[in-house]
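Peer 1: Below is one structure. I have some questions about it.
Where a number appears in this text, it was derived from the coordinates with a stated rule and is not lab data. Remember, predicted model here, so these are calculated numbers, not experimental data. Here Cβ is always computed from backbone atoms with ideal geometry, including for glycine, and neighbour counts include all displayed protein chains.
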Amino acid sequence: MHCAEHFKQTDPAPLLRLMHEHPLATVTAVIEGQLEANHLPLLWRDDGSEWGCLVGHIARKDPLAHTPPGAEVLVMFQGPQRYISPNWYATKAEHGKVVPTWNYLAVHAWGPLVLHPEPAWILAQLTELTERHEGQQPKPWAVSDAPSDFTERLLGVLIGIEIPIRRVQGKFKLSQNQPLANQLGVIQGLRQGDADDPIAARMQALQSAQEK
């Protein structure tokens, strides 16, 4: 993706955190000459490599299941995003040379797609995914709560996927190209609609870090 120098995010920690906090990813691949995109919840795993790997599952009928062995896929994670009104810029009153824009956080990850047809692997991935997202429920649901014959049939129509991450690009567009007065105006404008707006919080944290 195009990324101006202002918006580049190269620190691994916030990139991995965004992938963890916003797990519904868009996985894109070229399959039989066609560009395919899938929206999948993925889990990040620390496999000892620089960037770790992503794991998930798809239906066996999914075109992604026919990706050639070792073919590279692009995985896109989208974090918080907000429309930015030029009315929030202090410089609007000075010269009027302002336009609307959009602030957002995005991470792109590339790696080869590895398919896992083994039922034990798929079951372990389903269990891990369920435990991650059911953890905050008053009475967490578990894969073992479903009838065993139902689970066995389910495993037969799914296939596991693993994507060892080879390269990552992060773009955190948070008005870094604007003067401080405009940044403060954006934070104030966003918080008028939501005192806990996540983009405003990110911008505030960025300013605090720069002041240290």
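Peer 1: What is the order of His95, His20, His57, fewest Cβ neighbours within 10 Å to most?
Peer 2: Least to most surrounded, the residues fall as His95, His20, His57.
Peer 1: Can I ask one more? Of the trypsin sites (Lys or Arg not before Pro) in the stretch 74-129, which ones lie in a loop per DSSP and count no more than 15 other C-beta atoms within 10 Å?
Peer 2: Those that pass, being in a loop and sparsely packed, are Lys97.
Peer 1: Ok, one more. Of the chain, which part is the longest with no GluC sites (Glu not before Pro) in a loop (DSSP not H, G, I, E, B) and with at most 14 other C-beta atoms within 10 angstrom?
Peer 2: 51-212
Peer 1: For the chain, with the dipole built from +1 on Lys and Arg beta-carbon atoms and -1 on Asp and Glu ones, taken about the Cα centre, which of Ala106, Leu206, Cys53 lies farthest toward the positive end?
Peer 2: Among Ala106, Leu206, Cys53, the one farthest towards the positive end of the dipole of the chain is Leu206.
Peer 1: Nearest 500 deg cm²/dmol is fine: what mean residue ellipticity at 222 nm does the chain get from its DSSP H runs of n ≥ 4 alone, each adding -39,500 (n - 2.57), divided by its residue count?
Peer 2: -10000 deg cm²/dmol
Peer 1: On to the next question. For the stretch 17-24, take each phi angle, set θ = phi - 60°, evaluate the Karplus expression 6.51 cos²θ - 1.76 cosθ + 1.60, and give the result in whole Hz per residue in order, putting x for glycine and proline.
Peer 2: Residue by residue, the stretch 17-24 yields 5, 5, 4, 6, 7, 10, x, 6 Hz.
Peer 1: Tell me the Kirkwood hydrodynamic radius of the chain in angstroms, computed as one over the mean inverse distance between distinct C-alpha pairs.
Peer 2: 19.6 Å
Peer 1: A further question follows. Report the gain in length on full extension from Tyr83 to Ala37: 0.36 nm times residue separation, minus Cα-Cα distance, nm rounded to one decimal.
Peer 2: The Tyr83-Ala37 span can extend by a further 14.0 nm.
Peer 1: Among Asp149, Asp197, which comes first, second and so on when ranked by fewest other beta-carbon atoms within 10 Å?
Peer 2: Lowest count first: Asp149, Asp197.
Peer 1: Mind checking the dipole of the chain: about its Cα centre, +1 per Lys or Arg Cβ, -1 per Asp or Glu Cβ, Debye to the nearest 20?
Peer 2: The dipole of the chain has a size of about 820 debye.
Peer 1: Looking at the P(r) of the stretch 59-123, how many percent of alpha-carbon pairs lie beyond 20 Å?
Peer 2: Considering the stretch 59-123, 59 percent of its Cα-Cα pairs are separated by more than 20 Å.
Peer 1: Okay, next question. Viscosity 1.567 mPa s, temperature 4 °C: what is the translational diffusion coefficient of the stretch 1-77 from Stokes-Einstein with a Kirkwood Rh over Cα pairs, rounded to a whole number of µm²/s?
Peer 2: 92 µm²/s
Peer 1: Using only C-alpha atoms and all pairs of different ones, pull out the Kirkwood radius for the stretch 96-160 in Å with one decimal.
Peer 2: Evaluated on the stretch 96-160, it is 15.4 Å.
Peer 1: If I take R0 = 45 Å and measure r between the Cβ atoms of Leu206 and Ala71 in this structure, what FRET efficiency does the formula 1/(1 + (r/R0)^6) give, to the nearest 0.05?
Peer 2: 0.75
Peer 1: Taking R0 as 25 Å, what FRET efficiency do you get between Lys8 and Ala181 from their Cβ-Cβ distance, rounded to the nearest 0.05?
Peer 2: 0.60
Peer 1: Using alpha carbons only, how many degrees (0 to 90, rounded to 10) separate the axis of helix 198-211 from the longest principal axis of the chain?
Peer 2: 60 degrees
Peer 1: Rounded to the nearest 20 debye, what is the charge dipole size of the stretch 58-98 about its Cα centre when +1 sits on each Lys and Arg Cβ and -1 on each Asp and Glu Cβ?
Peer 2: Here the stretch 58-98 has a charge dipole of around 140 debye.
Peer 1: GNM on the chain, C-alpha springs below 10 Å: top fluctuator among Gln78, Gln136, Gln125?
Peer 2: Gln136
Peer 1: Assuming R0 = 22 Å, can you tell me the calculated FRET efficiency for the pair Thr127 and Val157, based on Cβ-Cβ distance, to the nearest 0.05?
Peer 2: Taking R0 as 22 Å, the efficiency between Thr127 and Val157 is 0.80.
Peer 1: Mind listing the phi-derived Karplus ³J(HN,Hα) values for the stretch 184-197, rounded to whole Hz, using 6.51, -1.76 and 1.60 with θ = phi - 60°, and x for any glycine or proline?
Peer 2: Calculated HN-Hα couplings, in order: 5, x, 5, 4, 5, x, 5, 6, 5, x, 7, 4, 10, 3 Hz.
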